[in-house]
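The structure appears right after this line, and notes come after that.
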Amino acid sequence: MFGKSIIDLENFSPDEIRLVLDTAKEMKKIIRSDVKKLPNLRGKAIINLFLEASTRTRTSFELAGKYLGADVVSINAGTSSITKGESLRDTLMTIEAMGVDAIVIRHKSEGAAEYATQVVKPVIINAGDGAHAHPSQALLDLFTIEHFKGHIDGLKVAIVGDILHSRVARSDIYGLTKMGAEIHLAGPKTLLPRFFNFDGVTVHENIEDAIKNADVVNVLRIQLERQQAGLFPSPREYARVYGINDERLKLAKDDVLVLHPGPQNKGLEISNAVTYGEHSAIHEQVQNGVAIRMALLDLTLNSGAK
């Protein structure tokens, strides 16, 4: 994977996904150690270009680079020259001219990361482009599932909520199906893709059907910032019909694993009781996000040359 840009899991092979997951296992040991430092990327320079708000992804990519010994600089929308009218193309070319090895980019527009690969030569890692893709989030979801379940193949994974606007759902579907999981989607009709035909994926009108006997329930955030009003009657009505609470979770298997990419609209798509309950791995996902992003940076930037 050396020198490869990471845009989505659509073009990943199962072997490449396995390589990332196995590498992340080793990286997680570093995160839990007293000395969180490796020399793997010493002398490498990474720019985190986050032109859309983020806490978990931006911070974990920054820590991932630093734990591997790289020099990391983070730029957000409010402090970039884009606020002065500079184009994304010129911003990328300016960063490239500074001699960086990788650009981690988050952008509100679908296709921004792919566009970056056409404009500049450094490795591009997509940290979320509009409603299109979020490959590192999907990989950390796979990593978390495998950690708790011991495997991915054959599991029933329910992905519920705002499927239409979710880049996480799209990347999860590619990753999970490639690794042999069975996917069940559910949400309001207005928040489901109108035309959806994907092998290994079943779409349900009733959320209970999706959750029944599920091994994993991945609860998606209702992305109020990406949608227009009127896609569901009211927050209270959404929570009543589609929200994941203790009672609804009883339909899943007794050892069901609950995930959420964050941030949460608590009381809307998920209850506090589920978030902090015995089935939740939401906070474990955060630590796993650092491990996965360390793995991606190491695999794409570390040639292994001495």
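Go through region 250-270 and count every residue that is in contact with a strand residue (DSSP E or B) (Cβ under 7 Å, 6 or more places away or on another chain) and farther than 13 Å from T144 by Cβ. Of the residues in region 250-270, 5 are in contact with a strand residue (DSSP E or B) (Cβ under 7 Å, 6 or more places away or on another chain) and farther than 13 Å from T144 by Cβ.
Within region 179-208, being open to solvent by 60 Å² or more (accessible area, probe 1.4 Å) and within 18 Å of L259 (Cβ to Cβ) holds for one residue alone: E182. Scanning region 104-125 for residues that are open to solvent by 30 Å² or more (accessible area, probe 1.4 Å), of a type in the set (D, E, K, R) and under 22 Å from H165 (Cβ atoms) yields a count of 3.
Every residue in region 119-150 that is among the β-branched types (V, I, T), in contact with a strand residue (DSSP E or B) (Cβ under 8 Å, 6 or more places away or on another chain) and farther than 19 Å from V258 by Cα, please. Step through it out loud before you land on a result.
Taking region 119-150 and keeping what is among the β-branched types (V, I, T), we get 119-120, 123-125, 144-145.
If we keep only those that are in contact with a strand residue (DSSP E or B) (Cβ under 8 Å, 6 or more places away or on another chain) as well, we get 120, 123-125, 144-145.
Within region 119-150, V120, V123, I124, I125 qualify.
Please note which strands (runs of 3 or more DSSP E) are completely contained in region 172-286 and include at least 1 residues that are in contact with a Phe, Trp or Tyr (Cβ under 8 Å, 6 or more places away or on another chain) and at pLDDT 90 or above. Give the derivation first.
Details: elements: 182-186, 201-204, 216-219, 257-259.
Where strands (runs of 3 or more DSSP E) fall fully within region 172-286 and carry at least 1 residues being in contact with a Phe, Trp or Tyr (Cβ under 8 Å, 6 or more places away or on another chain) and at pLDDT 90 or above, they are 182-186, 201-204, 257-259.
Looking at region 113-126 only, could you name the residues that are farther than 16 Å from F12 by Cβ and not in a loop (DSSP other than H, G, I, E, B)? Within region 113-126, Y115, A116, Q118, V119 qualify.
Without any contact (Cβ under 8 Å) to a residue 12 or more places away in the chain and among the basic types (K, R) - does that describe any residue in region 40-51? No - not one qualifying residue is present in region 40-51.
Of the residues E86, E52, the single one that is part of a loop (DSSP other than H, G, I, E, B), more than 30 Å from M179 (Cβ to Cβ) and either touching a strand residue (DSSP E or B) at 6+ places or on another chain (Cβ under 8 Å) or charged (D, E, K, R) (or both) is E86. For region 74-83, filtered to residues that are among the hydrophobic types (A, V, I, L, M, F, W, C) and assigned to a helix (DSSP H, G or I), the residue that is surrounded by the fewest Cβ atoms within 10 Å (Cβ to Cβ) is A77.
For region 1-35, give me each residue that is small (G, A, S) and outside any helix (DSSP H, G or I).
First pass over region 1-35, keeping only residues small (G, A, S): 3, 5, 13, 24, 33.
Residues satisfying the conditions are G3, S5, S13, S33.
Annotation: of all residues in region 127-164 being charged (D, E, K, R) and open to solvent by 10 Å² or more (accessible area, probe 1.4 Å), the one that is nearest to L185 (Cα to Cα) is K156. Out of curiosity, is S54 open to solvent by less than 70 Å² (accessible area, probe 1.4 Å), modelled with pLDDT of 95 or more and of a type outside the set (F, W, Y)? No; evaluated as a whole, the condition is false for this residue.
Checking D90, D71 one by one, the residue that is charged (D, E, K, R), under 18 Å from M294 (Cβ atoms), open to solvent by 50 Å² or more (accessible area, probe 1.4 Å) and over 20 Å from the mean Cα position of the chain (by Cα) is D71 and no other. Please find, among I95, I46, the residue that is among the hydrophobic types (A, V, I, L, M, F, W, C), surrounded by fewer than 23 Cβ atoms within 10 Å (Cβ to Cβ) and over 18 Å from Q137 (Cβ atoms). Only one candidate passes the filter, namely I95.
Kindly establish whether L38 is in contact with a helix residue (DSSP H, G or I) (Cβ under 9 Å, 6 or more places away or on another chain), open to solvent by less than 30 Å² (accessible area, probe 1.4 Å) and either in a loop (DSSP other than H, G, I, E, B) or within 17 Å of I7 (Cα to Cα) (or both). Spell out the reasoning first.
Values: in contact with a helix residue (DSSP H, G or I) (Cβ under 9 Å, 6 or more places away or on another chain): yes; open to solvent by less than 30 Å² (accessible area, probe 1.4 Å): no; either in a loop (DSSP other than H, G, I, E, B) or within 17 Å of I7 (Cα to Cα) (or both): yes.
Taking the combined requirement at face value, the residue does not satisfy it.
The values are calculated or read from the model by the stated rules, or taken from the named source; none is laboratory data. Here the structure is a predicted model, which is why all the values come from computation and not from measurement. Heads up, the Cβs are rebuilt from the backbone with ideal geometry, glycines too, and the neighbour counts pull from every protein chain shown. All accessible areas refer to the heavy atoms of the entire protein, side chains included, with ligands and DNA or RNA removed. Shrake-Rupley method; radii C 1.70, N 1.55, O 1.52, S 1.80 Å.
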